[in-house]
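To start, the structure itself, in structure tokens.
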Amino acid sequence: MKKLSVKIWMLLLLFITITIVFLMKFTNFLYEELYVEDTETSMIEIAENLRGTYKGGAVTNDFIKQTEDFNRFSDVEVFTVRNPKELSACIPFDIDYESLIGPEERAQLIEGEAVIKRGYEKRFNREVVSVIYPLVDENRLEGIIYVYVPLTKMTEMASKDVIFLLITVSLLLLLMAWISLKTVQKVLVPLDKLKVAANEMAVGKYDTRVDVKSTDEIGELAKTFNQMATSIQEEDEKKRDFLSIVSHELRTPISYIKGYGEAFEQHLVPEEKKKEVYTLIVQEANRMQKLTNDLLTLARSEQHQEVHISPLVLSEIVREVLQLVKTLADKKQISFTVTIDEDTIIKANEQMTKQILINILENAIHYSPVSSSIKIGNELAKNDTTIHIQDEGCGIAPEHLTRITERFYRVNKARSRIDGGTGLGLSIASQLIEMQKGKLIFTSEVEKGTTVYITLPIWEE
């Protein structure tokens, strides 16, 4: 299979050859058509001017001599004869009188019309264009004015320099071929680099990049490829981190359950410790259950399934969610200040909206100090409403703020089981808000607290 570069190069070379041949043919056409047409016009003007001096009657010797005198200074050959058969004595080549003036041409001349002819002449191996003007008196052909020019073809004009012409054309072809080859290489070398890089990406080398500095479409393609490679590399790293974190999160509770289970099996747990161990096993099982539920919710949200939307009274949804998180808040003596507009009706999915609020409120409760307050309110706009949830927690540094919706991302890199839940809550909330065509924004100050803004569309009658 031929390379694309060879195909393009051959195609360009073919185009160049066709162009040169076409220009040669077209130039020859222009010469033979326009030049001949201009020559015929000049010959007609000469013949008409000479005929204008004819006064009628027999053609005199003076008129013939006048024509001969004009012929000495003219670029064309001009003769006047009384009988067309006398042309053979005037022109420098033999001519067939019958082929020159046939019955139709003779009748045309008697009518006073000119005859324009172009014919091949063997002696000169070229065409001759001639104009025959009649000298008519009382419907009698007294004589003719014969004007002719042997046509010089383009090839004849260049016959002396044919070798030079061939060399010039050949060099031009070589030059155009070299230029086209360099042009093709400039275009295809980056494409070849892209092909090599794509093959490396296909075998898992996601750190592959293409070094293309051009600013044309190829450069844009390379830039897009590099961006794609970066995204794939980041996704691959996220996948590896995801699997590592999931295995880490599951390994700890499984180790507890397995260890205490074996201890019970071998009767190594004292009677007074059994209740404490039972409680610990249940806590770890609940932790595993919550993690698997969050993973399932996250997987479903990423599938972008069709969302059932309905009108929901925002204040009722908030009150129901507060009841669900009340037990968790009471453990830290956290109170809620709610200023939700009772008339706000949002356009959303009920279960998704509850899950969003639960995840964000649980996160706020977890990072809020004991005996603090969480404020919940909303502001109406033309087509949507923005719910704000403000806590008095430790806050988030700016470098972490843009990444807190990433899966398993925690500000505390130690990832201790005390510092947070599964690490999926905000990621799930972000996905669910996006599925409902909403927005999620965070603002925070370290040691002062964090405010979460949830924007959802309102229901319009």
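The values are calculated or read from the model by the stated rules, or taken from the named source; none is laboratory data. Model, not experiment: these values are computed from the prediction. When we count neighbours, we look across all protein chains shown, and the Cβ atoms used for this are built from the backbone with ideal geometry, even at glycine. Just so you know, the surface numbers come from the protein's heavy atoms only, side chains and all, with ligands and any DNA or RNA stripped out. Shrake-Rupley method; radii C 1.70, N 1.55, O 1.52, S 1.80 Å.
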- Task: List the number of the failed condition for residue 297; all other conditions in (1) under 42 Å from the mean Cα position of the chain (by Cα); (2) under 18 Å from residue 386 (Cα atoms); (3) open to solvent by 10 Å² or more (accessible area, probe 1.4 Å); (4) β-branched (Val, Ile, Thr) hold.
- Result: (2)
- Which of the residues belonging to the stretch 201-213 are surrounded by fewer than 14 Cβ atoms within 10 Å (Cβ to Cβ) and closer than 12 Å to residue 186 by Cα? 213
- Query: Which is surrounded by 14 or more Cβ atoms within 10 Å (Cβ to Cβ), at pLDDT 90 or above and polar (S, T, N, Q), of 444, 430, 373?
  - Reply: 444
- Quick count over the stretch 303-348, residues being in a strand (DSSP E or B) and over 22 Å from residue 393 (Cα atoms), is 8
- Query: Does any residue in the stretch 353-381 that is within 19 Å of residue 319 (Cα to Cα) come within less than 9 Å, Cβ to Cβ, of a residue that is of a type in the set (Phe, Trp, Tyr) and open to solvent by 10 Å² or more (accessible area, probe 1.4 Å) six or more places away or on a different chain, and which pairs are these?
  - Reply: 361/336; 373/336; 374/336; 375/336; 376/336
- Task: Would you mind stating whether residue 175 is open to solvent by 80 Å² or more (accessible area, probe 1.4 Å), part of a helix (DSSP H, G or I) and touching a Pro at 6+ places or on another chain (Cβ under 9 Å)?
- Result: no
- Task: Tell me which residues, restricted to the stretch 189-233, are among the small types (Gly, Ala, Ser), outside any helix (DSSP H, G or I) and under 19 Å from the mean Cα position of the chain (by Cα).
- Result: 214
- Task: Name every residue in the stretch 447-456 that is open to solvent by less than 30 Å² (accessible area, probe 1.4 Å) and at negative phi, in order of residue number.
- Result: 450, 451, 452, 454, 455, 456
- Candidates 198, 107, 114 - the one that is at pLDDT 75 or above, loosely packed, with under 13 Cβ neighbours inside 10 Å and aliphatic (A, V, I, L, M): 107
- Query: Residues in the stretch 348-388 that are under 18 Å from residue 431 (Cβ atoms) and not acidic (Asp, Glu): how many?
  - Reply: 15
- Message: So in the stretch 47-92, with the set limited to residues that are modelled with pLDDT under 80 and aliphatic (A, V, I, L, M), which one is most open to solvent (accessible area, probe 1.4 Å)?
- Response: 89
